[in-house]
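Student: Structure provided below as structure tokens; questions to follow.
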Amino acid sequence: MRNNETETVSLATFQEEHNKTLSAFYLPENQMGYSALPEQSLRYCDEDPDKHPIVVLVDEVPVGFFVLHIGKAITPFTDNERAILLRGFLIDHNHQGKKYGMKALKMLPGFATDLFPRKDCIVLAVNVKNVVAKALYLKSGFQDTGVKKKGRSGWMHIMEYRLSVD
């Protein structure tokens with residue numbers, strides 16, 4: 001890979017050709033409780049057509065992954081029927097610390113609006129112990145709603161990013 005300044009970060013819907021790289025993603029044990037690896041998330045996406053797998057690419061090579069979830073199943077996180085739930089956002093351990101997560105999150109509102117033009121916000125839940133991720137979300141324009149929910153790995157802050165919708 002080239003120097004970080006000349007690399008092109010982009011978001012794309014998951015394609016089968018991404019599978020090999022995504023299946024090699026790794027997270028250290030201290031991050032595993034916060035996000036599923038892409039292989040597991042993709043299985044969930046296969047079972048639910050409202051879950052849309054998205055890949056973070058750097059020069060067309062997958063470095064990150066997340067799911068955009070719509071529909072009634074997101075109601076534990078929001079009452080807003082026009083919301084998109086951001087799930088399982090992660091950057092592969094080998095690519096962390098290179099600002100790819102920040103760049104991807106800055107692109108996310110436009111990408112999500114193109115994909116789901118009738119939606120008006122992106123919601124996420126971040127574990128209260130995951131202070132690094134919460135700080136990243138705040139820097140990317142997400143706001144803490146002040147709501148906390150109990151999740152499978154403990155308490156979570158509910159955050160949202162308001163989209164401008166016509």
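Student: Tally Lys/Arg at +1 and Asp/Glu at -1 over every other residue whose Cβ is under 13 Å from the Cβ of ILE70; what's the total?
Tutor: So the surrounding residues net to +2.
Student: Round to the nearest 0.05 the FRET efficiency obtained for LYS106 and LYS150 when R0 = 41 Å and r is the Cβ-Cβ distance.
Tutor: Efficiency, from the Cβ-Cβ distance: 0.85.
Student: So who's got an amide H within less than 5 Å of the one on HIS52, skipping anything under 5 residues away but keeping other chains? H placed 1.01 Å off N, in plane.
Tutor: For HIS52, whose amide H was placed from the backbone, the distant partners under 5 Å are LEU68, HIS69, ILE70.
Student: Between LYS99 and SER164, with labels modelled 7 Å along Cα→Cβ, what's the label distance in nm to one decimal, could you check?
Tutor: 2.4 nm
Student: Cα to Cα, under 28 Å, and not fewer than 8 places away if on the same chain: which lysines meet these conditions relative to LYS149?
Tutor: Hits, sequence-local ones excluded: LYS51, LYS72, LYS103, LYS106, LYS119, LYS129, LYS134, LYS139.
Student: Here's another thing I want to ask about it. Between LYS129 and SER23, how many nm apart are label points set 7 Å from Cα along the C-beta direction?
Tutor: If labels sit at LYS129 and SER23, their model points lie 3.1 nm apart.
Student: Please find the FRET efficiency linking ASP79 to ASP48, where r is the Cβ-Cβ separation and R0 is fixed at 25 Å, and quote it to the nearest 0.05.
Tutor: Given R0 = 25 Å and the Cβ-Cβ separation, E is 0.80.
Student: Please report ASP92, ASP144 as a ranked list, fewest other C-beta atoms within 10 angstrom at the top and most at the bottom.
Tutor: Lowest to highest Cβ neighbour count: ASP144, ASP92.
Student: Roughly how tilted is helix 100-115, in degrees to the nearest 10 and between 0 and 90, from the longest Cα axis of the chain?
Tutor: 60 degrees
Student: Rounded to whole Hz and in sequence order, give me ³J(HN,Hα) for the range 125-140 from the Karplus expression 6.51 cos²θ - 1.76 cosθ + 1.60, θ = phi - 60°, writing x for Gly and Pro.
Tutor: In residue order, the calculated couplings are 10, 10, 4, 4, 7, 8, 5, 5, 5, 4, 4, 4, 5, 4, 5, 8 Hz.
Student: Separate question: What is the Å³ per residue value for the convex hull set by the Cα atoms of the chain?
Tutor: 116 Å³
Student: At a Förster distance of 22 Å, what's the computed FRET efficiency of LYS72 paired with ARG118, Cβ-Cβ distance as r, to 0.05?
Tutor: The calculated FRET efficiency here is 0.90.
Rule-based calculations on the coordinates, nothing more; no lab input. Keep in mind the model is a prediction, meaning the values are calculated, not measured. Note that we place each Cβ from the backbone using ideal geometry, even for glycine, and neighbour counts take in every protein chain shown.
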